[in-house]
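What follows is a set of notes on a single structure, which appears directly below.
The values are calculated or read from the model by the stated rules, or taken from the named source; none is laboratory data. Nothing here was measured: the structure is a model prediction, and the numbers come from that model. We place every Cβ from the backbone using ideal geometry, glycine too, and count neighbours over all the protein chains shown.
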């Protein structure tokens with residue numbers, strides 16, 4: 001029996017409108033392929049089972065003709081056209097080595113691009129494998145949190161709302177994730193003036209600060 005049918009015989013209760021369901025946003029997932037099992041688990045739980053969002057396809061640019069272009073505007077427009085598409089929010093899933101990946105930087109720069117369309121909302125989550133061992137004697141910002149991509153770092157500041165992006169540990173409910181996505185969606189207009197996106201796109205993968213190698 002549906003929620004509305006259960007109270008159909010009670011004129012007082014049935015007079016209250018049901019809350020409107022949250023919209024189901026199209027979300028682009030920015031990830032490092034080494035974290036694919038955790039990424040797949042995130043998609044299965046929150047997109048397939050809980051149906052909180054519609055995921056855009058994970059991608060690799062290796063065979064694209066814009067890879068070696070020296071025109072960043074062209075690269076960003078191609079990423080938007082071919083991959084981000086109609087996504088309005090980008091979720092970055094952060095592992096230990098994600099900070100070193102040039103394609104992640106490209107996806108973030110394209111997501112934050114302004115002008116021809118609204119930017120994507122930007123939301124980051126820390127994957128379980130990258131969670132530090134929490135020391136109860138240290139404050140949150142003193143823990144050994146993993147390195148994050150420079151472009152996220154430019155758009156996220158701990159303990160202040162005066163930044164464009166948001167960064168969390170994993171959500172523990174569909175309602176929490178939906179709230180985060182809606183905040184990121186609203187930021188496209190309410191916080192767009194805070195976007196920091198002028199730095200050049202990474203030309204190459206960086207040396208990983210954790211492993212000391214280029215992945």
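Looking only at residues in the range 160-191 that are part of a loop (DSSP other than H, G, I, E, B) and under 14 Å from the mean Cα position of the chain (by Cα), the one that is surrounded by the most Cβ atoms within 10 Å (Cβ to Cβ) is 165. Going residue by residue through the range 37-52, is there one that turns out to be under 17 Å from the mean Cα position of the chain (by Cα), modelled with pLDDT under 80 and assigned to a loop (DSSP other than H, G, I, E, B)? No, because not a single residue in the range 37-52 is under 17 Å from the mean Cα position of the chain (by Cα), modelled with pLDDT under 80 and assigned to a loop (DSSP other than H, G, I, E, B).
Which ones in the range 68-97 are more than 20 Å from residue 112 (Cβ to Cβ) and either touching a residue at least 60 places away in the same chain (Cβ under 8 Å) or surrounded by 12 or more Cβ atoms within 10 Å (Cβ to Cβ) (or both)? Those that are more than 20 Å from residue 112 (Cβ to Cβ) and either touching a residue at least 60 places away in the same chain (Cβ under 8 Å) or surrounded by 12 or more Cβ atoms within 10 Å (Cβ to Cβ) (or both): 95, 96, 97.
The set of residues in the range 128-159 that are part of a helix (DSSP H, G or I), touching a residue at least 12 places away in the same chain (Cβ under 8 Å) and surrounded by 12 or more Cβ atoms within 10 Å (Cβ to Cβ) comprises 128, 129, 130, 150, 151, 152, 154, 155.
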